[in-house]
1. Could I have the simple spin-label model distance between residue 99 and residue 1, label points 7 Å from Cα toward Cβ, reported in nm to one decimal?
2. How far is helix 29-38 tilted off the main Cα axis of the chain, in degrees rounded to 10, range 0 to 90?
3. Quick check: at a probe of 1.4 Å, how many percent of the accessible area of the chain sits on carbon and sulfur atoms?
4. State, as an integer percentage, the relative contact order of region 4-213 based on alpha-carbon contacts under 8 Å between residues 6 or more apart.
5. Quick one, what does Rg over Rh come out to for region 227-295 if you take C-alpha atoms and the Kirkwood Rh?
6. Determine one quarter of the surface area of the Cα convex hull of the chain, which equals its mean projected area, and express it in nm² to one decimal.
7. Calculate the spin-label point distance for residue 164 paired with residue 106, positioning each point 7 Å from the Cα along the beta-carbon direction, and give it in nanometres.
8. Over the chain, average the accessible area per residue using a 1.4 Å probe and give it in Å², no decimals.
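The values are calculated or read from the model by the stated rules, or taken from the named source; none is laboratory data. No experiment lies behind these values; they were computed from the predicted model shown. Ideal geometry is used to build each Cβ from the backbone, glycine not excepted, and the neighbour counts take in all protein chains shown. Calculation scope for accessible area: heavy atoms of the full protein, side chains included, ligands and nucleic acids excluded. Shrake-Rupley method; radii C 1.70, N 1.55, O 1.52, S 1.80 Å.
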Amino acid sequence: MHNPFELPGSFLKGNLHTHTTNSDGKFTPQQAVDHYRKAGYDFLAITDHGRLTPGDGLDTDGLILLPGMELHPGTGELGQTHHLVAIGMETQIDVPRDVTLQAGLDAIVPCSRFTFIAHPYWTSLTYRDLQGLSGPIGLEVFNSTCEYGIGRGDSAVHWDELLARGERLLGFAVDDAHCHYPDTLGGWIMVKTEDGSAEGILEAIAAGSFYASRGPSIEGVTLGDKQVTVRCSPCRAVHVICPSAGCGMTTYQLAPNGGPYTQVTLPLSPDWNPIRVECLDESGRKAWTNPFWRD
Ligand SMILES: [Zn+2]
Ligand SMILES: [Zn+2]
């Protein structure tokens, strides 16, 4: 079982979905770099629509830039164009819009280090659109611009349904900054790695060595057969989410008005699989681990 909290290294903060004036964002590429660097981010992917924004010539001042694109092959069963985020390509990927999602993935995935599904709630995707795909490593569980644009930033239910159906998908948080709303810095991932180079970060993300957040920090997760111990920044609740019906545990069961918690141990049933951990802060912002598949 992969547990990034028990791996050596340190956590690096980054955003994998950002737009610039090379598509429909308001930041120039240099403004985007400066914005995230000043906010303390360690890495950033600029993901303009259908276009690879080169990092050459940008003054990154230590911010690691990962090459990225947002691509739009095909439409979902409810008629919305698909949005995919691909990271780590060497050259621009051109994929037609009039293909199936799987055909688009078949073209994109071999040319990138990893690909994930963008904002499924905003896009009105269904499990029929997403189940059984070959290629994506995960999906955006939170997308800040979708939250600030139309209140549909949280796709956790999409994620849990796919997990319940046996899909092994990682859960990203991004801000998808366009700067049409106060969307920047609203969601990010924390990647555990000993290698802070672009290559090391790409490898760690692809392996699932990260957690995602809108605010709280998760500092440790120690998982046994019958309990899990979580360490986090002060949170009003900690949940163990299991996608099976009625399964899971939360500190609300221990004390409805308990907390704030910085360390808590919750019981598990050995047959809950997978499980994932969520931490909820006083402002209602969540952080979440990737699923722990207990096999
Ligand atoms: Zn999009
Ligand atoms: Zn986008």
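1. Between residue 99 and residue 1, the simple spin-label model gives 3.9 nm.
2. Around 30 degrees separate the two axes.
3. Numbers: 5730 of 12040 Å².
After summing per-atom areas, the C and S share lands at 48 percent.
4. On the way: 512 pairs, mean separation 45.4, N = 210.
In percent, rounded to a whole number, it is 22.
5. Values: Rg = 11.5 Å, Rh = 12.1 Å.
Value, to two decimals: 0.95.
6. Values: hull surface 57.6 nm².
Mean projected area of the Cα convex hull: 14.4 nm².
7. Calculated label separation equals 3.1 nm.
8. Working: 12040 Å² over 295 residues.
Here the residues of the chain average 41 Å² of exposed surface.
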